[in-house]
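J.: Pasting a structure below so you can have a look.
The values are calculated or read from the model by the stated rules, or taken from the named source; none is laboratory data. Being a predicted model, the structure only gives us computed values, none of them experimental. All Cβ positions, even for glycine, are placed from backbone atoms using ideal geometry, and neighbour counts span all protein chains on display.
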Amino acid sequence: MDRSAYKGKAVIFLADGMADEPLAELGNRTPLEAVDTPWMDRIAKRGASGTFLSLPDGFPTSSDAANMSVLGYSLAQFYPGRGPIEATAQGIELGKDDIAWRCNLIYEKDGILKDYSAGHVPNEVSSGLMKALQERFGNDKVSFYPGVSYRNLLVLHGKEFSANIDYAKPDSSQDEPVSELGLKALDNTPEAAHTVAFLNKIMAESAPFLEGHPLNRGREVPANRIWPWSPGRRPSFPSFSEKYGGKTGAVISAVDVIFGIARCAGMDMIRVPGATGFIDTNYEGKAQAALKALEDHDLVYLHVEAIDECSHLGDLKLKMRAISEFENRIVAPVMSALEGCGVTFAILPDHPVPLHQRKHTRTPVPVAICGDHIVPDSVCVYSETEAPKGSLGQMKGDEFIRKVLNLK
Ligand SMILES: [Zn+2]
């Protein structure tokens with residue numbers, strides 16, 4: 001493609017969960033600051049920096065909400081819950097009385113939620129277990145759907161159910177007693193009470209079934225419980241194009257929740273073979289897919305999940321390695337291939353995952369944007385410490401995405 005045809009197009013590098021806090025063992029630097037990231041720094045040096053409030057109060061601190069915010073969708077107006085977003089990603093048509101739940105396969109031991117991912121349960125095990133659950137427990141009131149690894153779905157059918165239920169987010173509840181993490185009705189309706197009772201019964205009955213299932217045999221961290229959370233009804237968003245003056249967008253990711261947002265927003269979803277959502281992902285494949293997608297889209301949203309997963313593991317070395325892989329195998333090849341093409345680049349995480357907390361926080365994330373329409377400021381390094389000193393200030397709502405797309 002003629003290099004001039006890229007002018008004004010944009011790539012957002014979305015490093016899931018990258019932002020952190022200064023750590024004593026790194027001499028009071030953050031993991032991002034301790035890794036050599038010349039290409040990310042180049043965005044800050046050539047462009048402008050700031051922060052972005054992706055997780056305003058009153059909404060879950062989850063990646064779906066955070067990524068919707070980055071794309072400029074108001075959570076107050078449009079956030080449907082994670083279940084419906086992932087159902088949309090999978091092409092599951094929700095009826096008007098359906099309520100979709102994210103349904104993790106987790107590992108519980110002695111009443112403690114030991115692992116929200118059941119040891120990053122492999123797809124062949126998780127999909128087999130979800131199919132077995134559907135055969136054993138599925139009926140006209142409840143359906144089970146396999147997703148990717150521990151990220152699966154459960155849909156309740158019928159007017160007798162409610163989505164107004166409080167839940168514990170499993171990756172924020174590691175090592176806590178399951179008895180304190182139960183579903184709770186958020187109102188006094190019979191529907192809410194019935195929903196809690198119905199799901200508690202299935203969770204209890206499916207536990208011994210999963211525990212004894214042949215697919216769990218010999219697994220040190222068996223997927224021995226289901227964990228339903230973040231319910232909601234059929235989503236309806238305005239499309240990305242209608243919201244942003246006809247601009248087109250493509251999303252590259254490994255995880256259903258990001259594809260779900262893409263589909264809700266009418267953006268193209270690009271699946272890359274070997275994209276795993278973990279540190280062993282196909283970086284080169286994703287970088288190449290981004291370059292290809294930019295040929296026929298105005299914006300490419302290039303999401304990498306690995307850093308988030310390493311942060312949840314609380315593993316500093318692994319997090320730093322994931323940041324380094326992102327720099328060297330995603331940001332570097334994409335930026336160097338498009339050198340001199342007039343493409344706008346932006347870098348940000350969707351939310352922080354501080355290693356010592358191992359959960360998402362609402363702290364505004366560091367942002368850097370460079371492009372022909374961006375007036376450079378004095379910040380030269382992309383980091384949690386430097387970004388707040390930049391000229392973009394603290395952005396919120398759709399300010400970040402409009403800046404990237406050069407829209408007022
Ligand atoms: Zn995230």
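J.: Given the conditions (1) in contact with a His (Cβ under 8 Å, 6 or more places away or on another chain); (2) not assigned by TED's automatic domain parsing to the domain that holds LYS292; (3) not in a helix (DSSP H, G or I), and given that ASP171 satisfies all but one, which numbered condition is not satisfied?
T.: (3)
J.: Hey, any hits in the range 370-377 for a residue that's over 21 Å from ASP315 (Cα atoms), in contact (Cβ under 8 Å) with a residue 24 or more places away in the chain, within 16 Å of the ligand (Cβ to nearest atom) and assigned to a loop (DSSP other than H, G, I, E, B)?
T.: no
J.: Let me ask something else about it. Which members of the range 52-68 meet the condition of being away from the ligand (no atom under 13 Å from the Cβ) and in contact with a Pro (Cβ under 9 Å, 6 or more places away or on another chain)?
T.: If the condition is that a residue be away from the ligand (no atom under 13 Å from the Cβ) and in contact with a Pro (Cβ under 9 Å, 6 or more places away or on another chain), then PHE52, LEU53 are the ones that fit.
J.: Moving on to the next point. Among the residues of the range 251-266, which ones are free of Cβ contacts under 8 Å to residues at least 60 places away in the same chain and crowded, with 22+ Cβ neighbours inside 10 Å?
T.: VAL251, ILE252, SER253
J.: I'd like the full set of residues that are within 16 Å of the ligand (Cβ to nearest atom) and either without any contact (Cβ under 8 Å) to a residue 60 or more places away in the chain or closer than 19 Å to GLY390 by Cβ (or both), limited to the range 27-50.
T.: Taking the range 27-50 and keeping what is within 16 Å of the ligand (Cβ to nearest atom), we get 31-32.
Correct list: LEU32 only.
J.: Do any helices (runs of 4 or more DSSP H) lying entirely in the range 75-159 carry at least 3 residues that are without any contact (Cβ under 8 Å) to a residue 60 or more places away in the chain, and which ones are they?
T.: Counting at least 3 such residues, we get 75-78, 123-137.
J.: Search the range 62-74 for residues that are part of a loop (DSSP other than H, G, I, E, B) and pair each with any residue that is within 8 Å of the ligand (Cβ to nearest atom) when their beta-carbon atoms are under 8 Å apart and the residues are at least 6 apart or on different chains.
T.: SER62/HIS360
J.: Test of understanding: among GLU327, GLU339, which residue is closer than 14 Å to ILE43 by Cα and without any contact (Cβ under 8 Å) to a residue 12 or more places away in the chain?
T.: Testing whether each residue is closer than 14 Å to ILE43 by Cα and without any contact (Cβ under 8 Å) to a residue 12 or more places away in the chain leaves just GLU339.
J.: Ok, one more. What pairs come up if the first residue lies in the range 289-313 and is without any contact (Cβ under 8 Å) to a residue 40 or more places away in the chain and closer than 15 Å to LEU338 by Cβ, the second is more than 16 Å from the ligand (Cβ to nearest atom) and assigned to a loop (DSSP other than H, G, I, E, B), and their beta carbons are under 7 Å apart, counting only those six or more places apart or on different chains?
T.: What qualifies is ALA289/VAL272.
J.: Where in the range 180-270 are there helices (runs of 4 or more DSSP H), lying wholly inside it, with at least 3 residues that are over 26 Å from the mean Cα position of the chain (by Cα)?
T.: 190-211
J.: Here are GLU86, GLU108, GLU93, GLU135: which of them is touching a strand residue (DSSP E or B) at 6+ places or on another chain (Cβ under 8 Å), farther than 22 Å from GLY249 by Cβ and of a type in the set (Asp, Glu)?
T.: Answer to the check: GLU108.
J.: If you check ILE12 against the conditions, is it under 21 Å from the mean Cα position of the chain (by Cα), surrounded by 22 or more Cβ atoms within 10 Å (Cβ to Cβ), at pLDDT below 95 and within 16 Å of the ligand (Cβ to nearest atom)?
T.: Against the criterion (under 21 Å from the mean Cα position of the chain (by Cα), surrounded by 22 or more Cβ atoms within 10 Å (Cβ to Cβ), at pLDDT below 95 and within 16 Å of the ligand (Cβ to nearest atom)), ILE12 does not qualify.
J.: Is one or more of the residues making up the range 342-359 in a loop (DSSP other than H, G, I, E, B) and polar (S, T, N, Q)?
T.: Yes, that holds for at least one residue.
J.: Does at least one position in the range 271-278 carry a residue that is surrounded by fewer than 18 Cβ atoms within 10 Å (Cβ to Cβ), part of a strand (DSSP E or B) and without any contact (Cβ under 8 Å) to a residue 40 or more places away in the chain?
T.: Yes, the conditions are met somewhere in the range 271-278.
J.: Residue check: is ALA24 touching a residue at least 40 places away in the same chain (Cβ under 8 Å), farther than 18 Å from LEU392 by Cα and either surrounded by 17 or more Cβ atoms within 10 Å (Cβ to Cβ) or away from the ligand (no atom under 16 Å from the Cβ) (or both)?
T.: So ALA24 fails the test.
J.: Also, I was wondering about something else. List the number of the failed condition for PRO60; all other conditions in (1) in contact with a strand residue (DSSP E or B) (Cβ under 8 Å, 6 or more places away or on another chain); (2) at pLDDT below 95; (3) not assigned by TED's automatic domain parsing to the domain that holds PRO366 hold.
T.: (3)
J.: Another question about this same structure. Do the conditions hold for SER236, that is, is it farther than 22 Å from GLU93 by Cα and either surrounded by fewer than 23 Cβ atoms within 10 Å (Cβ to Cβ) or modelled with pLDDT of 95 or more (or both)? Please lay out each step first, then the result.
T.: Values: farther than 22 Å from GLU93 by Cα: no; either surrounded by fewer than 23 Cβ atoms within 10 Å (Cβ to Cβ) or modelled with pLDDT of 95 or more (or both): yes.
Answer is no for this residue.
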